Amino acid sequence: MSSNIDLVDIKTIFTPGLEDPDVKKIPKRFFSTWKTSLINSEQASYLKQFRELHPEFTFEFYDDDAMDQYMIDYWRDHPIFEVYKNSVYGASKADIWRYCILYHKGGIYLDFDSAILFDMNSIPENNRELISFESNKLDLFVTDESLPNFEFFKIRNFKKDELSHAEYPVLQWCLIFSKGHRILEIAINNIVEQSSFYINKVFTSAHNAIINFTAPIQLTNAVWKYVEEGNQVNQLGIDFNGLAAFKHLDNNTSYTQDSSNSYHKKENVQILKDSVRLNVGCGNNILKGYKNIDMYQYSPEVILMDIRQLSLPENSVDEIYAKDVIEHMGLPDAIKTLHHWGKLIKTGGKLIIQTTSFELMAEAYRVGKLSMSDLNYLMFAGVNWAEGRSDWCSEKVTEHDWHKSIYTKELISQILTKNNFEVQYVFFDDIETLSGEAFLGNISHGLNIRIRAVKL
């Protein structure tokens with residue numbers, strides 16, 4: 001494939017629908033994910049046609065970082081979040097994310113390179129789910145090496161009206177569920193419960209281990225348990241009676257050529273492993289699976305430590321997450337701190353930063369989205385949060401609460417490059433959705449930049 005192929009941003013295709021998505025038990029929401037929103041023209045053409053056939057549906061797209069942010073925002077207090085973060089391969093993360101977001105919102109999920117050949121509006125209005133089955137036999141995948149409850153799948157006493165194709169795995173690359181569905185709840189809880197079997201264990205085949213841990217075998221396990229509880233399930237035959245196609249795009253697509261899909265060939269590897277992750281300057285934003293560190297102990301889970309000089313060995317950390325942190329340091333101090341963090345992070349480890357964006361603030365002020373008072377507040381305020389709102393310059397504000405620096409994409413990228421990082425992802429908040437008055441502490445969101453970088 002040519003390196004100069006034209007790319008299209010999928011976000012121009014995945015847009016809100018013409019109807020309230022929640023009017024049906026299965027909401028009119030369509031979800032998909034891929035590592036980036038930039039896709040080639042063949043994918044874009046198919047998705048545009050598919051989107052035009054379903055104007056009523058709201059289409060939501062999540063790239064890798066949007067998935068991560070979603071899991072932080074909505075699942076950080078659930079043990080599934082730690083399993084998600086400990087997953088080595090993106091395939092497992094995408095599996096977990098699709099269960100979580102459909103349980104949270106309900107709707108239809110489809111693998112990025114697959115196709116639905118039926119009208120999504122044709123799903124019966126009273127259905128709470130619609131499942132299908134894969135074309136490969138279950139016995140091809142279920143092994144005692146890769147599944148802790150291997151014996152469970154040896155017993156198949158289902159009647160045809162209960163499960164029409166019990167000898168096949170439940171299809172997982174297209175999911176259709178209502179919000180809060182019991183099958184998804186079972187799948188999420190099973191992944192958490194079985195994670196102790198997979199953590200730090202070396203598997204002969206990464207592909208087969210993932211299929212059993214988070215993918216179709218896990219979903220099949222959840223469906224079987226749901227039926228055993230006495231529930232009926234709405235179902236179609238293999239590949240939705242031939243009306244859905246798995247990996248229908250050919251080898252010229254950016255998906256099939258991407259190296260991140262290479263877990264299929266990985267042998268004698270771990271798929272889930274303990275990692276050292278730091279949530280620095282955490283305040284009361286506690287994340288499961290992280291060492292939550294701050295100079296003030298907002299809760300018993302917070303480790304008291306100066307984040308500018310962390311007492312940890314060099315090359316010992318897998319990830320540092322710094323949300324709304326470096327703007328509270330003067331620029332020289334922030335540069336020194338980023339250099340220090342760089343020494344702690346392993347090769348291949350991640351640094352994730354969210355901080356104030358000068359570009360966004362300047363543009364928001366220019367177009368009249370921010371008053372001068374709002375601009376001062378966002379740039380310089382010492383903010384104390386209490387009872388869901390912020391106070392500017394209250395007696396509780398400490399010297400560490402004041403904003404002392406502001407950043408651009410170029411400045412952060414320069415600092416990170418000098419410390420042997422490669423910037424992989426940059427995300428800006430949306431000025432257009434800004435509302436409220438910052439000075440009064442009720443603005444809808446800040447004006448931030450989020451950057452993910454990898455240690456070289």
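The values are calculated or read from the model by the stated rules, or taken from the named source; none is laboratory data. Predicted model only: the values in this text are computed from it and were never measured. Here the Cβ is made from the backbone with ideal geometry for all residues, glycine too, and neighbour counts use every protein chain on show. Side chains are part of the model used for accessible areas, which takes the heavy atoms of the whole protein and leaves out ligands, DNA and RNA. Shrake-Rupley method; radii C 1.70, N 1.55, O 1.52, S 1.80 Å.
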The distance between the Cα centres of the range 49-63 and the range 106-158, in whole Å, is 22
For the Leu38, Thr433 Cβ pair and Förster radius 30 Å, calculated FRET efficiency rounded to 0.05 is 0.85
If one compares the long axis through the Cα atoms of helix 331-344 with the longest principal axis of the Cα atoms of the chain, the angle in degrees, nearest 10, works out at 40
Filtered hits (lysines, Cα-Cα < 16 Å from Lys266, offset >= 8 within chain) -> Lys201
accessible surface per residue for the range 157-240, probe 1.4 Å, DNA/RNA/ligands not counted, whole Å² -> 36
At 10 °C in a medium of viscosity 1.306 mPa s, the range 262-320 has a Stokes-Einstein diffusion coefficient, with Rh taken as the Kirkwood radius over alpha carbon pairs, in µm² per second, of 121
Taking a ≥ b ≥ c as the square roots of the Cα gyration tensor eigenvalues, with a/c under 1.5 meaning rounded and otherwise prolate when a/b beats b/c or oblate if not, the range 147-236 comes out prolate
Taking Cα pairs closer than 8 Å and at least 6 residues apart, the relative contact order of the range 68-225 in percent is 33
For the table Lys265/Lys418; Lys291/Lys418; Lys85/Lys336; Lys35/Lys179; Lys369/Lys418; Lys404/Lys455, the rows whose alpha-carbon distance is greater than 30 Å are Lys265/Lys418; Lys369/Lys418
For Lys159, the aspartates and glutamates lying under 17 Å Cα to Cα, once residues fewer than eight places off in the same chain are dropped, come out as Glu167, Glu228, Glu229
The helix 182-198 Cα axis meets the longest alpha-carbon principal axis of the chain at an angle in degrees, between 0 and 90 and rounded to 10, of 70
Share of accessible surface on carbon and sulfur in the chain, whole %, 1.4 Å probe and ligands ignored, is 50
Computed from the beta carbon distance with a Förster radius of 51 Å, FRET efficiency for Glu314 and Asp161 to the nearest 0.05 stands at 0.25
As a percent rounded to 5, the proportion of antiparallel DSSP bridges among beta bridges in the chain is 60
Helix 216-228 sits off the longest principal axis of the Cα atoms of the chain, rounded to the nearest 10 on a 0 to 90 degree scale, by 70
Expressed as a whole-number percentage, the relative contact order of the range 303-347 with C-alpha contacts under 8 angstrom and at least six residues apart is 61
Projected onto their principal axes, the Cα atoms of the range 60-115 stretch, largest extent first, over whole-Å spans of 33, 24, 16
Quick shape check on the range 69-170: root eigenvalues a ≥ b ≥ c of the Cα gyration tensor, a/c under 1.5 is rounded, otherwise prolate if a/b tops b/c, else oblate, and it reads oblate
Here, His400 and Ile199, labelled 7 Å along Cα→Cβ, have an inter-label distance in nm of 2.8
Relative contact order in percent for the chain (Cα pairs under 8 Å, 6+ apart) equals 13
Per the helix-only model, the chain has a calculated mean residue ellipticity at 222 nm (DSSP H runs of ≥4, -39500 (n - 2.57) each, divided over all residues, rounded to the nearest 500) of -9000 deg cm²/dmol
Expressed in angstrom and rounded, the centroid-to-centroid distance over alpha carbons for the range 20-34 and the range 179-195 is 20
Quick note, the range 1-79: a/c under 1.5 would make it rounded; otherwise a/b > b/c is prolate and the rest oblate (a ≥ b ≥ c, C-alpha gyration tensor); here it is oblate
The range 197-225 scanned against label point 7 Å out from Asn189 along Cα→C-beta; backbone N under 17 Å for 218-225
Both in Å, the radius of gyration and Dmax of the C-alpha trace of the range 1-137 are 15.8, 47
